[in-house]
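Note sheet for the following structure.
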Amino acid sequence: MIELEDLRKEFRTKSGSVMALDGITLTVPDAAVHGIVGPSGAGKSTLIRCLTLLERPTSGAVKIDGENLAALPEKQLRRQRHRIGMVFQHVNLFDSRTAGANVAYPLTVSGMPKAKARARALELLELVGLADRAESYPAQLSGGQQQRVGIARALAGEPSVLLCDEPSSALDWATTRQVLEVIKKVNQALGLTVLIITHEMAVVRQVCDSVSLLARGRITQSGPIRQVVTDYGSALSRELIPLAVTPVGQARAQLEVSFSSADFSIREVLKLLADLGGDTAIEAGTLETLAGLRVGRFQLVVAAEAREHVIGHLRAAGLHVAEPGAEPEARPGARPEARPGAEPEAAK
Ligand SMILES: Nc1ncnc2c1ncn2[C@@H]1O[C@H](COP(=O)(O)OP(=O)(O)OP(=O)(O)O)[C@@H](O)[C@H]1O
Ligand SMILES: [Mg+2]
């Protein structure tokens with residue numbers, strides 16, 4: 001389990017001070033996969049550096065399995081660091097050592113006999129699907145395979161937490177998927193708690209159980225995928241269900257309708273939208289399956305004079321309707337009750 005309590009990091013520079021982390025409080029439960037997303041400069045790298053205590057936080061606690069690493073003196077900290085495995089954007093394997101020797105390296109350094117370290121390395125390579133490549137050198141492996149060796153190496157010290165800093169941003173999407181599958185597999189096989197820093201929502205969609213949005217050193221939205229994605233209109237919901245941007249003529253109004261299978265039969269919503277009448281067009285739409293929910297976002301274009309009527313009709317049906325560019329809709333927080341007649345989730 002990872003617990004961050006009111007974590008702050010202030011950098012003092014000649015031109016003033018920067019609050020790179022401004023009171024981060026976050027709990028990632030045992031065996032969960034949590035994603036942290038945020039724009040450039042949000043504090044993602046600083047957060048990772050403070051989590052590993054490569055950078056000392058200005059204040060606050062970094063607890064791994066209940067132990068506050070931020071309070072430990074350097075010597076004890078070195079002993080506790082094995083609790084944390086790190087996977088980086090660039091793997092940095094030793095070119096002159098085989099995959100097996102790369103994974104065994106941290107073990108032999110910490111005093112494990114060579115034969116035992118080699119056997120352990122083989123087990124770990126098997127876990128990441130590379131048992132047959134133990135004798136290969138990094139140059140003989142693809143980028144994705146090298147990243148998997150990096151994951152095996154990160155697991156060598158039997159960490160309880162795996163921190164992944166942009167683990168896939170140097171990879172194409174097909175390879176990214178494989179690497180993420182391996183991360184999910186080790187998460188499940190070893191019960192490892194995983195924190196992934198990423199700028200790709202696709203990564204969050206594929207492996208994360210929960211996600212936080214970091215902006216200017218603060219967490220502005222956080223929660224299980226199911227919860228944030230149905231917080232329609234919120235920053236993370238919009239990013240998780242992206243829509244193409246389409247131009248609209250002046251005499252037309254643009255509306256965005258969001259819904260999920262938690263509250264609606266998708267078939268009924270599609271029928272409702274299709275039946276809106278000749279002058280309403282569906283300009284763009286996304287229907288996705290996320291955290292076991294089917295979630296949809298559709299962009300409608302209606303004649304300006306029909307706008308109010310259409311909004312009223314859709315809201316009366318319980319749908320979330322937003323007008324891009326207009327003031328955000330007041331959200332009392334409660335979602336509409338599931339409607340009678342909505343299909344059971346499996347049937348959707
Ligand atoms: N050593 C440092 N000294 C001074 N300011 C720093 C230092 N490291 C980071 N910062 C500042 O802290 C803020 C957060 O930086 P950080 O590198 O954590 O962002 P990031 O979210 O990782 O961005 P990116 O996506 O571009 O990598 C920025 O304003 C940055 O300029
Ligand atoms: Mg960074």
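Observations on the structure shown:
- Every residue from region 279-304 that is outside any strand (DSSP E or B) and within 23 Å of V245 (Cβ to Cβ): D279, T280, A304
- So G38, is it near ligand 1 (Cβ under 10 Å from one of its atoms) and open to solvent by less than 50 Å² (accessible area, probe 1.4 Å): yes
- Checking the stated criteria, S59 turns out not to satisfy the condition of being within 26 Å of A235 (Cα to Cα) and either in the same structural domain as R148 (by TED's automatic domain parsing) or open to solvent by 40 Å² or more (accessible area, probe 1.4 Å) (or both).
- Look at region 31-60: where a residue is more than 22 Å from V228 (Cα to Cα) and near ligand 2 (Cβ under 10 Å from one of its atoms) and a partner is of a type in the set (D, E) and open to solvent by 10 Å² or more (accessible area, probe 1.4 Å), sitting 6+ places away or on another chain with Cβ atoms under 8 Å, you get S45/D165; T46/E55; I48/D165; R49/E55.
- Once region 23-35 is narrowed to residues that are outside any loop (DSSP other than H, G, I, E, B) and crowded, with 18+ Cβ neighbours inside 10 Å, the residue that is nearest to ligand 1 (Cβ to nearest atom) is I24.
- K14 of a type in the set (D, E, K, R) and within 24 Å of I225 (Cα to Cα): no
- Strands (runs of 3 or more DSSP E) contained in region 160-278 and holding at least 1 residues aliphatic (A, V, I, L, M) and either open to solvent by 30 Å² or more (accessible area, probe 1.4 Å) or within 30 Å of Q80 (Cα to Cα) (or both): 161-165, 193-197, 210-215, 218-224
- Taking (1) more than 16 Å from ligand 1 (Cβ to nearest atom); (2) on the phi < 0 side of the Ramachandran plot in turn, D65 satisfies each apart from (2).
- Subset of region 282-297 [within 17 Å of V321 (Cα to Cα), open to solvent by 30 Å² or more (accessible area, probe 1.4 Å) and either in contact with a Pro (Cβ under 9 Å, 6 or more places away or on another chain) or without any contact (Cβ under 8 Å) to a residue 40 or more places away in the chain (or both)]: I282, E283, L287
- Per the listing I197, I183, the residue uniquely within 16 Å of ligand 1 (Cβ to nearest atom) and assigned by TED's automatic domain parsing to the domain that holds E67 is I197.
- Candidates M1, M19, filtered to the one that is in contact with an Asp or Glu (Cβ under 8 Å, 6 or more places away or on another chain) and within 13 Å of ligand 1 (Cβ to nearest atom): M19
- Test for K116: is it within 16 Å of ligand 2 (Cβ to nearest atom) and more than 20 Å from M1 (Cβ to Cβ): no
- Residues that are modelled with pLDDT of 90 or more and of a type in the set (G, A, S), drawn from region 238-273: S258, S260, S261, S265
- Filter result for T13 (farther than 24 Å from Q89 by Cα, more than 8 Å from ligand 1 (Cβ to nearest atom) and open to solvent by 10 Å² or more (accessible area, probe 1.4 Å)): no
- The residue that is most open to solvent (accessible area, probe 1.4 Å), among those in region 148-159 that are closer than 20 Å to R49 by Cα and part of a helix (DSSP H, G or I), is R153.
The values are calculated or read from the model by the stated rules, or taken from the named source; none is laboratory data. Keep in mind that what you see is a predicted model, and the values were worked out from it rather than measured. Quick reminder, even Gly has a Cβ in these numbers, built from the backbone with ideal geometry, and neighbours come from all protein chains shown. Side chains are part of the model used for accessible areas, which takes the heavy atoms of the whole protein and leaves out ligands, DNA and RNA. Shrake-Rupley method; radii C 1.70, N 1.55, O 1.52, S 1.80 Å.
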